[in-house]
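Engineer: Structure incoming, see below.
Quick note: the coordinates plus some simple rules give every number you see, no bench work behind them. From a predicted model like this one, the values you see are computed outputs, not experimental measurements. Don't worry about glycine lacking a Cβ; one is built from the backbone with ideal geometry, like all the others, and counts go over all protein chains shown.
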Amino acid sequence: ITINEYHLDLIPFEDDLLSLELDNTFKELYLDGDYTSIYYVARALMKLQTSFGLFRRIISKGDCAKHLADMLIRMRREVAVDDLSSSLSISQSVDSLIITDRSVDLITPLCTQLTYEGFIDEVFGIKASHVESKKKKNFALNSGDKLFARLRDINFAVVGGVLNRVAKRINEDYEYSLRDNGAYCYTRIQQALEVQQSIYIYLFNSRNDQSTGSTCLSFTVIMSTKSCKWWIEAKDHNPYASIRKTLRLIVDEVEHNAPLSVRLIQCVTTTNSGSSSTGNGWKGYEEVLKMLPGMVQGQHSRVTLAFFLGGCTYAEISAIRFLAQDD
């Protein structure tokens, strides 16, 4: 009997979603100092290039992402040297690879996901595109379900309205008023105090309700992350305000937070004027990149492959899909 290792590599969950399902990558990289998962990622991406051709450019942000980009370039050279008959050429379908290090944006995974699919993941947990009920019945969550495909990327706050339209039970006479939705005449200071107090009250009530530790810990870590200035060694200022303004992380119109990781991808794929990028990489965003942790890699579109090293949320996936529709 011969036992060999099977390289499962990238698993296609959707037409636009691939995953290696390496659950412990972030822990291995940043707690254990084990870079083995980077090799697994590089091997999988090289296999992808053997099928679709070499990526025209590789762009990365973060130390481990830079390590992965360098490993990919080295593997390319090794293939060219070891196999002179190799027919690998520049891809005609996949133009760019954008590698985002999870350490660049630690805030987003700690926030509650506001999309329908993301909220399901928050409450029930999604594993391999399936959610398991208490009755041990699996429900497939993919684009094969037309209703789910329509709901998955929208904010869960409007899911009820969409379901009502599908069921034709919308009340046409229903109107919103400021009185029904609450007063919006608070000042910035009052809003900040209210948010702060609500966090403290939530944590206190969670303790009384015996909520799970991970739920309470998320809020605590978010507050600590901002106050500890994890993204830069600065004693006299906190760069988050500048990063937030430059990348428009807070969208006032909808009172939501845009994922920093997805904003970085948007910087690469669009120009400052909002049109599709022609290959300028990080040009125009050098200053804000200096405020974020990790080194920067850029090389000189058709399809852009965005890869998260260390995991990502379903809300980030939905945001990237929104960018794709916008382009």
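Engineer: If you stretched the chain out fully between residue 132 and residue 8, how much longer would it get, using 0.36 nm times the residue separation minus the C-alpha to C-alpha distance? Walk me through the numbers before you get to the answer.
Structural biologist: On the way: separation 124, 0.36 × 124 = 44.64 nm, distance 2.34 nm.
Computed gain between residue 132 and residue 8 is 42.3 nm.
Engineer: I would also like to ask the following. Antiparallel as a % of all DSSP beta bridges within segment 50-157, to the nearest 5?
Structural biologist: 45 percent
Engineer: Okay, next question. I need the GluC sites (Glu not before Pro) found in segment 12-67, filtered to DSSP loop residues with at most 13 other beta carbons within 10 Å of theirs.
Structural biologist: Values: sites: 14, 21, 28; in loops: 21.
Within segment 12-67, the qualifying GluC sites (Glu not before Pro) (loop, at most 13 other Cβ atoms within 10 Å) are 21.
Engineer: Give the peptides 242-248, 61-67 in descending order of average Cβ contacts within 10 Å, highest first. Can you show the working numbers first?
Structural biologist: Working: 242-248: 14.7, 61-67: 23.6.
Peptide ranking by packing, descending: 61-67, 242-248.
Engineer: With no solvent and one equal point scatterer per Cα, compute the Debye intensity ratio I(q)/I(0) for segment 111-175 at 0.12, 0.20 Å⁻¹ and report its log10, rounded to two decimals.
Structural biologist: -0.36, -0.86
Engineer: Provide the net charge surrounding residue 10, with neighbours chosen by a C-beta distance below 13 Å and charges set as Lys +1, Arg +1, Asp -1, Glu -1.
Structural biologist: On the way: positive: 43, 47; negative: 9, 14, 16, 21.
Charge balance in the 13 Å sphere: -2.
Engineer: Just subtract the alpha-carbon distance of residue 256 and residue 270 from 0.36 nm times their residue separation and send over the number in nm, one decimal.
Structural biologist: Values: separation 14, 0.36 × 14 = 5.04 nm, distance 2.15 nm.
Length gained between residue 256 and residue 270: 2.9 nm.
Engineer: At what distance in nm do the modelled label points of residue 30 and residue 75 sit from each other, each positioned 7 Å from its Cα along Cα→Cβ?
Structural biologist: Distance between label points: 2.3 nm.
Engineer: Which one of 138, 124, 148 has its Cα pushed farthest toward the positive end of the charge dipole of segment 111-175, where Lys and Arg give +1 and Asp and Glu give -1 at the Cβ?
Structural biologist: Projecting each Cα onto the dipole axis, the largest value belongs to 138.
Engineer: OK, next. Pop a pseudo-label 7 angstrom from the Cα along the beta-carbon direction at both residue 248 and residue 194 and give the gap in nm to one decimal.
Structural biologist: 2.5 nm
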